[in-house]
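Accompanying notes for the structure given below.
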Amino acid sequence: MPESAPSCTVGELKSLENATGRAFAALLVVKKIAGKTASNGNPFLSVDLGDRTGSFGCTVFSDNPGFEVIKSAGEGAVVRIEGKVDFYQGRLSPKLARVTAIPEAELGVPGMIDQLVEIAPEDGAGLWAELNRFIDGIGHPELRATTRAVFDELGDTFRLAPAAIAMHHAYRHGLLEHTVHMARAAQALLPLYREVDADLTMAGVLLHDTGKAIEYEGTLATKRSRRGILQGHVVLGYQLARKAGMKCRLDAERLERLEHIILSHQGEPEWGAAVYAATPEAVFVSMIDNLDAKLGMVQRALRQAAGGEFSERLPGLNSQLLLTKPPT
């Protein structure tokens, strides 16, 4: 690999046209590692690498010098890779020639972490201030106090957390962004549905995914925590709301309805819901959640578009996304 191989971001690599075989170098985070075995019995790693501009997957076989480096470094490590551009089934999947793990002591270089960690496009401080205004807007005193108590307990953990590992809003401040976007949508739509209790709905919107602040952990690469694996964010969020509601003396009827919103917001049991939505407020929150999750995938794909007519296949949409704008 020539020493002069240009250093690229993931976004720049994806934007290269007719670049198969081109040498490159990049500083990336090891986001995910899965050990697998080929049909011939040889082990290999399925690896996801990324930076602030996006991510890609690649296969690293056991005879590749980078195999042991990546395996030893583990998820969340920062590596410098050198390789050649290649594609598999239309997706960027480079062939790695050299992998070097970056010592933790070197990660303090000004600006390095900012280059590696994807963050929400909206300002985190502004989103946090807006979320607090939504809390203050809940009219019912004990319901407002319950909501406030949950966020007081989670603190900065919620503010920084992603909303997912890969599917939607999967970046720093992503959980905060997703929650505020849902609150904006709820505020706009609630006047159309008078049968839906506005205060209970807003509390449910703000608290529905709070369990994710416990379910996920990691600074550079997100993974599920022990409690996240054993209980999941739906149950964790239910526990947070129940504890806060009892502390703030929220009446039993409202607390039960608030808990139900959290337990049912995933929509379907196969998607993680404990139960199907069975109150007007729970149906409303579940639909808003699904809307913002899918449009969050759309927004991210459009932000990371690197030319071409269609995106890569988005698992959450079961389709590629048309990237071109409609005619004016």
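Straight-line reach from residue 223: taking Cα to Cα under 20 Å and skipping same-chain neighbours fewer than 8 places apart, the lysines in range are 31, 32, 36, 71, 212.
With the simple spin-label model, which puts each label point 7 Å out from Cα in the Cβ direction, the residue 227 to residue 167 separation comes to 2.1 nm. Under 18 Å from a point placed 7 Å out from the Cα of residue 104 along the Cα-to-Cβ direction: which residues of region 66-98 have their backbone N that close? Backbone N within reach: 70-80. Here, region 96-146 is characterised by an Rg to Rh ratio of 1.33, where Rg is the alpha-carbon radius of gyration and Rh the Kirkwood radius.
Per-residue 3J(HN,Hα) values for region 158-171, derived from phi via the Karplus relation 6.51 cos²θ - 1.76 cosθ + 1.60 with θ = phi - 60°, read 5, 4, 9, 5, x, 8, 6, 7, 9, 6, 9, 6, 8, 7 Hz in sequence order (x marks Gly and Pro).
Among all stretches of the chain without exposed GluC sites (Glu not before Pro) (DSSP loop, at most 12 other Cβ atoms within 10 Å), which one is longest?
On the way: sites that count: 3, 17, 195, 309.
So the longest stretch without any such site is 18-194.
For residue 213, the shell of other residues with beta-carbons less than 10 Å away shows a net charge of -3, using +1 for Lys and Arg and -1 for Asp and Glu. Once backbone amide H atoms are built at 1.01 Å from N, residue 32 has 48 as its partners under 5 Å, excluding neighbours fewer than 5 places away on the same chain. How large is log10 of I(q)/I(0) for the chain at q = 0.11, 0.14 Å⁻¹ when the intensity is taken from the Debye formula with one equal scatterer per alpha-carbon? Calculated log10 I(q)/I(0) at the listed q: -0.76, -1.10. Along the axis of the charge dipole computed for the chain (Cβ charges of +1 for Lys and Arg, -1 for Asp and Glu, origin at the Cα centre), the listed residues 87, 43, 214 are led at the positive end by 43. Could you work out the relative contact order of region 124-303, using alpha carbon pairs under 8 angstrom and six or more residues apart, expressed as a whole percent? It rounds to 23 percent for region 124-303. Of the residues 238, 170, 196, the one whose Cα sits farthest toward the positive end of the charge dipole of region 167-239, with +1 on the Cβ of Lys and Arg and -1 on the Cβ of Asp and Glu, is 170. Principal-axis analysis of the Cα atoms of the chain puts helix 141-154 at an angle of about 30° to the longest axis. Once backbone amide H atoms are built at 1.01 Å from N, residue 97 has 82, 83, 84 as its partners under 5 Å, excluding neighbours fewer than 5 places away on the same chain.
Computed from the coordinates by the stated procedures, all read-outs in this text should not be read as laboratory data. All figures in this text were calculated on a predicted structure; none of them were measured in a lab. Note that we place each Cβ from the backbone using ideal geometry, even for glycine, and neighbour counts take in every protein chain shown.
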